[in-house]
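Have a look at the structure below before the remarks.
The values are calculated or read from the model by the stated rules, or taken from the named source; none is laboratory data. Predicted model, so just to flag it, every value in this text is computed and none were measured. Methodologically, a virtual Cβ is constructed for each residue, glycine included, from the backbone with ideal geometry; neighbour enumeration extends over all protein chains shown. For accessibility, only protein heavy atoms count, side chains too; no ligands or nucleic acids. Shrake-Rupley method; radii C 1.70, N 1.55, O 1.52, S 1.80 Å.
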Amino acid sequence: MKERLMQLLNLERLTPSKFADLIGVQRSSVSHVLSGRNKPSYDFLEKTLKAFPGLKADWLILGEGPMYTHMGREMNVDMF
């Protein structure tokens, strides 16, 4: 999970602090997830998916399928 979160931050060009502010969680929550100390909570995942409507939940949670879906077209992260 933390690898996929790092991939999201890199692709979206966000620092962990900006990401935390964007999704509305404590900066320490993001830090703990990225360090592997904690697993993301349901609330954390829900806020992430709401902040990035094109982000696929299956990819974020399970690591399956494409990262994004935009306008009915799937985009593989390998394209970036």
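Overview of values
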| read-out | value |
| --- | --- |
| Cross-link reach list, lysines versus LYS39, counting only Cα pairs under 16 Å and skipping chain neighbours closer than eight places | LYS2, LYS47 |
| For the chain, the longest site-free run once trypsin sites (Lys or Arg not before Pro) in DSSP loop states with at most 16 other Cβ atoms within 10 Å are removed | 38-80 |
| Region 16-22 - phi-based ³J(HN,Hα) in whole Hz, Karplus 6.51/-1.76/1.60, Gly and Pro as x | x, 5, 5, 4, 4, 5, 5 |
| Listed residues LEU34, LEU55, LEU22, most fluctuating in the chain (Gaussian network, C-alpha, under 10 Å) | LEU22 |
| Percent carbon-and-sulfur accessible area, the chain, ignoring ligands, DNA and RNA, probe 1.4 Å | 49 percent |
